[in-house]
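Undergrad: Quick one: the structure is below, questions incoming.
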Amino acid sequence: MRVCLLDQASCGCCLMQTQLERMEWFFNITFDEMKKELTKSKMALNNMRASRSAFSVALNNDKSLNCYGPFSSDELIAYKHVFINLGDGYNVLTGIFTAPRSGVYSLSVTIYAASSSGGTLAACANLQVNGRLVSELLEQNGQDLEDSATTVVAMKLKSGDQVAVNLPKGCFVCDQSSHYNTFTGFLLHASD
């Protein structure tokens, strides 16, 4: 600026320099604000990704019909064919879904059993949360060689709650690649 006062010929250059400094200052402030907004957006996206939870599994994917059970005591059903396991909440080894976060979940179970012997047939299973009965599935009409049942519930789960399907003593289910026996759940609404 002093040069500008002493030499009038350089005054235009000084004004341009001043404008350039102002533009640089404004750019830096705008850039910093954009970086803050980008960080917030990334955090929101990561939160949204972390809250996604959905699984859908079937008893098996065998070519021929295979049955599971009956057993002399209650057994958890470990569904082996995974359609989707978003968030990795379902454990294929144990058959247990562990809720990754608290919220309202939709849970559904469909069971199917078939008998070739013509004997008494009971398609039954229990949907459980933390080992407690939530919904009982039972069909035993004795009029055919096939039985099936379905339940769908929406319920609040806390982070770490364990959801499983229990096969009661004496019951059995059968499946193949048509996927008659399914266990599905997904987060409807997260809560903290």
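The values are calculated or read from the model by the stated rules, or taken from the named source; none is laboratory data. Bear in mind the structure is a predicted one, so any value in this text is a computation, not a measurement. Ideal geometry is used to build each Cβ from the backbone, glycine not excepted, and the neighbour counts take in all protein chains shown. Just so you know, the surface numbers come from the protein's heavy atoms only, side chains and all, with ligands and any DNA or RNA stripped out. Shrake-Rupley method; radii C 1.70, N 1.55, O 1.52, S 1.80 Å.
Undergrad: Among (1) of a type outside the set (D, E, K, R); (2) modelled with pLDDT of 90 or more; (3) under 16 Å from the mean Cα position of the chain (by Cα), where does His189 come up short?
TA: Among (1) of a type outside the set (D, E, K, R); (2) modelled with pLDDT of 90 or more; (3) under 16 Å from the mean Cα position of the chain (by Cα), the lone unmet condition for His189 is (2).
Undergrad: Can you list residue pairs whose Cβ atoms sit under 8 Å apart, with the first residue in the stretch 54-68 being buried (at least 18 other Cβ atoms within 10 Å of the Cβ) and the second being of a type in the set (Val, Ile, Thr) and assigned to a loop (DSSP other than H, G, I, E, B)? Count only pairs 6 or more apart in sequence or on different chains.
TA: Going by the 8 Å Cβ cut-off, the qualifying pairs are Val57/Val92; Leu59/Ile77; Tyr68/Ile77.
Undergrad: Next up: How many residues does the stretch 129-183 contain that are touching a Ser or Thr at 6+ places or on another chain (Cβ under 6 Å), surrounded by fewer than 14 Cβ atoms within 10 Å (Cβ to Cβ) and touching a residue at least 40 places away in the same chain (Cβ under 8 Å)?
TA: Within the stretch 129-183, residues that are touching a Ser or Thr at 6+ places or on another chain (Cβ under 6 Å), surrounded by fewer than 14 Cβ atoms within 10 Å (Cβ to Cβ) and touching a residue at least 40 places away in the same chain (Cβ under 8 Å) number 6.
Undergrad: Please enumerate the residues belonging to the stretch 94-111 that are open to solvent by 30 Å² or more (accessible area, probe 1.4 Å) and either more than 22 Å from Leu187 (Cβ to Cβ) or among the acidic types (Asp, Glu) (or both).
TA: none
Undergrad: Let me ask something else. Within the set of pairs 6+ apart or on separate chains, which have a first residue in the stretch 86-114 that is within 13 Å of Ser53 (Cβ to Cβ) and assigned to a loop (DSSP other than H, G, I, E, B), a second that is of a type in the set (Asp, Glu) and modelled with pLDDT of 95 or more, and C-beta atoms under 9 Å apart?
TA: Partner pairs satisfying both residue conditions: Ala99/Asp161; Ser102/Asp161.
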